[in-house]
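K.L.:
Sending over a structure as structure tokens; questions will come in a sec.
Only the coordinates and a few stated rules stand behind these numbers; no lab work does. Given the structure is predicted, the values throughout are model-derived calculations rather than measurements. Please note: Cβ atoms are built from the backbone with ideal geometry, for glycine as well, and neighbour counts cover all protein chains shown.
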Amino acid sequence: MLSLAAHSLCVRATGYQQSLHSIATVISGNKTSKIVRERLKKEVEKMASQFSGFRPGLVVLQVGDRDDSNLYISTKLKAAAEVGIEAKHIRLPNTTTQDEVLHSIMSVNENACVHGLIVQLPLDSANCIDTELVTNTVSSQKDVDGLSCINAGKLSRGDLNDCFIPCTPNACMELIRQTGVFVAGKHAVVIGRSKIVGAPMHDLLLWNHATVTTCHSKTPDLPEQVGRADILVVGAGRAEMVRGEWVKEGAVVIDCGINHVPDETRPSGKRVVGDVHYSSASQRAGYITPVPGGVGPMTVAMLMENTVQSAQRFLLKLRR
């Protein structure tokens, strides 16, 4: 199977593309995530054969019963089953107190059969719960979401081999690698500074030797900044805010946005779009992720990767 970069070169060489970057090559998260899951399945089977049926364990802890959280969790559980991970869903009622949530987390921390623990956010509780305290209570060795201050700190100082990298930025890096474009030496622009996407994305690009600019709601010259980006990662949470004319010709555009906009032609009355205006940006970018079918599937795949990696680290300690 040709890589995205090889396919793009073939298209240009045969003359089907009028100019070097007239139509962007689509970076499919669906296809790439399938490849990752198949690789992880083989790794899990190898562990099981070497250690008497051993399987990585994952716990998804949910507070409340939000419909969107239920959908995300079902996707994660399905991916875990496909890979061979033993996944368990713990749902606490929305009357749960902070102390009860912390007690549940600490109980999972102490369970040697669990190698990954994620707390589904946002917390849907009638009581006041400190989200930071909750995520930081998760053992850093089981924090496969990469959200604890310990893992975030290690990432910020470049200890990439000694931490769990948050799943969405990790997914973005994998999709960039699929293009064949080298990150080192490139000018990368990240729009958004959230703890889940923007901030760790900045760190990850930086320690992969890109020159990184982070933009946010107070950035006064956003179109100008975007126009300088060889690699553009957008996680701002605003539907189609990045216009195609802003994009540098030939840039790699990674869209982390998931937004619902009205659409009377759809049975639901709405459709999903990203933070980038896809139709115009695809006329200038060299590579671009679609929404849906781009970063989303890869984020789930990276959660599975972190869980398998955690189980491998656990087995390594047993050998010593």
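K.L.:
So for 67, 143, fewest C-beta neighbours within 10 Å to most, what's the order?
P.N.:
67, 143
K.L.:
Using modelled amide H (1.01 Å from N, peptide plane; none on Pro or chain starts), what sits under 5 Å from the amide H of residue 214, excluding residues fewer than 5 places away?
P.N.:
It is 190, by chain and number.
K.L.:
Now a separate question. What angle, in degrees between 0 and 90 and rounded to the nearest 10, separates the Cα long axis of helix 198-207 from the longest principal axis of the Cα atoms of the chain?
P.N.:
Helix 198-207 and the main axis of the chain meet at about 80 degrees.
K.L.:
Please compute the net charge surrounding residue 48, taking Lys and Arg as +1 and Asp and Glu as -1 over other residues with Cβ under 12 Å from its Cβ.
P.N.:
+1
K.L.:
Something else about it: Over the chain, what relative contact order in percent results from Cα pairs under 8 Å that are six or more residues apart?
P.N.:
So the answer I get is 21 percent.
K.L.:
Once all Cα-Cα distances of the stretch 86-166 are split into 5 Å bins that start at 0, what whole-number percent is in each one?
P.N.:
3, 15, 25, 24, 17, 10, 4, 1
K.L.:
Mind sorting 201, 106, 302 by how few other Cβ atoms lie within 10 Å of their own Cβ, fewest first?
P.N.:
Ordered from fewest to most neighbouring Cβ atoms within 10 Å, 201, 106, 302 come out as 106, 302, 201.
K.L.:
Quick one: P(r) of the stretch 111-225 from all Cα-Cα pairs, 10 Å bins, percents rounded to integers, in order of increasing distance.
P.N.:
For the stretch 111-225, the binned pair fractions read 13, 39, 31, 14, 3, 0 percent.
K.L.:
How much net charge surrounds residue 155 when only the other residues with a Cβ under 14 Å from the Cβ of residue 155 are counted, with Lys and Arg +1 and Asp and Glu -1?
P.N.:
Here the charged neighbours net out to -2.
K.L.:
Tell me the Kirkwood hydrodynamic radius of the chain in angstroms, computed as one over the mean inverse distance between distinct C-alpha pairs.
P.N.:
20.7 Å
K.L.:
Which percent, to the nearest 5, of DSSP beta bridges fully inside the chain are antiparallel?
P.N.:
Around 10 percent antiparallel, to the nearest 5.
K.L.:
What are the lysines whose alpha-carbon lies under 24 Å from the alpha-carbon of residue 78, with same-chain residues fewer than 8 places away excluded?
P.N.:
Within the straight-line limit of under 24 Å, residue 78 reaches these lysines: 31, 34, 41, 42, 46, 88, 142.
K.L.:
Could I ask something else about it? Please state, as a whole number in µm²/s, the translational diffusion coefficient that the Stokes-Einstein equation yields for the stretch 39-102 at 37 °C and 0.692 mPa s, with Rh defined as the Kirkwood radius across alpha carbon pairs.
P.N.:
247 µm²/s
K.L.:
Could you tell me what % of all Cα pairs in the stretch 166-297 have separations over 20 Å?
P.N.:
Every Cα pair in the stretch 166-297 considered, those over 20 Å come to 38 percent.
K.L.:
Taking K and R as +1 and D and E as -1, what net charge do the other residues with C-beta under 11 Å from the C-beta of residue 136 add up to?
P.N.:
Counting the neighbours of residue 136, the net charge comes to -3.
K.L.:
For the stretch 166-297, what is the number of Lys pairs with C-alpha distance below 28 angstrom, counting only pairs 8 or more positions apart or on separate chains?
P.N.:
For the stretch 166-297, qualifying lysine pairs total 6.
K.L.:
May I ask for the angle, rounded to the nearest 10°, between helix 295-319 and the longest principal axis of the chain, with both axes built from Cα atoms and the value confined to 0 to 90°?
P.N.:
40 degrees
K.L.:
Further question: Fewest to most neighbouring Cβ within 10 Å: what's the order for 218, 42?
P.N.:
Result, fewest neighbours first: 218, 42.
K.L.:
From the phi angles alone, apply the Karplus equation (6.51, -1.76, 1.60; θ = phi - 60°) to the stretch 261-268 and give each ³J(HN,Hα) in whole Hz, x where the residue is Gly or Pro.
P.N.:
Working through the residues one at a time gives 10, x, 8, 5, 7, 9, x, 7 Hz.
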